[in-house]
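Note sheet for the following structure.
Read the figures in this text as sums done on the coordinates, not as results from a lab. Keep in mind that what you see is a predicted model, and the values were worked out from it rather than measured. All Cβ positions, glycine included, derive from the backbone under ideal geometry; neighbour counts span all protein chains shown.
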Amino acid sequence: MKKQLFSLVILAFMVSGLAAQTTWNVDKVHSNVKFNVSHMVVSEVEGSFRGFEGSLVASKADLSDASIKFSVDVNSVNTDNERRDGHLKSDDFFNAEKFPKMTFVSKSFKPLGGNKYKLTGDLTIRDVTKTVEFDVTYGGQINTGRGIKAGFKARVTIDRLQYGLKYAPALEAGGLAVGKDVEIIVNLEMDQAK
């Protein structure tokens, strides 16, 4: 009898733990993935990816146990220049034909106080996976009457050469025609799953 009661208590804890998990999905209409990189040392080029999806699953109110997954469709790259976009899809950069997706899988989402977080996880571009740390600002939550939304802004700077985006012609005056450091900015509005 005691074993059965103990088993029921354990089962109840497991079920309540599962029920407490909340899933959030990216609202693509109100989100964006942008990047910028230096060009000819003296200026910057900006771009974005129009195709992406992601989710966040957490059970704690402060989201400190969040599990985050995100993917980007490389073929959706857009810099407002068709020729440049074609070059970015080539083997000099993303090789979109062979590696059509960039992915991110979180390892931790650490509250830093206030609305700031450190998001650590594995970013995979081409066939290279490296651990990166995003600085995240949490915008909070709001009930719109049609559902609950949450907002996040995340940014990180990566060395594109470490991911095999190898195009790197040197300038006579010094530096690279296209900088190695790329800033990635992700603005997310997320919908709580019903």
Q: Give the residues of the stretch 42-80 that are of a type in the set (A, V, I, L, M) and assigned to a strand (DSSP E or B), sorted by residue number.
A: Val45, Leu56, Val57, Ala58, Ile68, Val72, Val77
Q.
Go through (1) farther than 23 Å from Phe94 by Cβ; (2) out of contact with any strand residue (DSSP E or B) (no Cβ under 8 Å at 6 or more places or on another chain) for Arg126 and report which single condition fails.
A. (1)
Q) How many residues does the stretch 30-41 contain that are in a strand (DSSP E or B) and of a type in the set (A, V, I, L, M)? A) 2
(Q) Show the residue pairs meeting these rules: Cβ distance below 7 Å; 6+ apart or different chains; first residue within the stretch 161-189 and touching a residue at least 60 places away in the same chain (Cβ under 8 Å) and within 15 Å of Asn95 (Cα to Cα); second residue in a loop (DSSP other than H, G, I, E, B) and among the aromatic types (Phe, Trp, Tyr). (A) Leu165/Phe93; Leu165/Phe94; Tyr167/Phe93
**Q.** Residue match in the stretch 84-100 (condition: of a type outside the set (S, T, N, Q) and closer than 23 Å to Asp27 by Cα)
**A.** yes
Q: Return the only residue of Thr124, Thr129, Thr103, Thr79 being of a type in the set (Val, Ile, Thr) and more than 29 Å from Thr23 (Cα to Cα).
A: Thr79
Q: Determine if the stretch 90-107 includes at least one residue that is free of Cβ contacts under 8 Å to residues at least 24 places away in the same chain and outside any loop (DSSP other than H, G, I, E, B).
A: no
Q: Just name the residue that is nearest to Phe49 (Cα to Cα) out of those in the stretch 139-187 that are outside any strand (DSSP E or B) and in contact with a His (Cβ under 9 Å, 6 or more places away or on another chain).
A: Tyr167
Q. Does the stretch 106-139 hold any residues that are more than 19 Å from Asp65 (Cβ to Cβ), among the aliphatic types (A, V, I, L, M) and over 11 Å from the mean Cα position of the chain (by Cα), and which are they?
A. Ile125, Val128
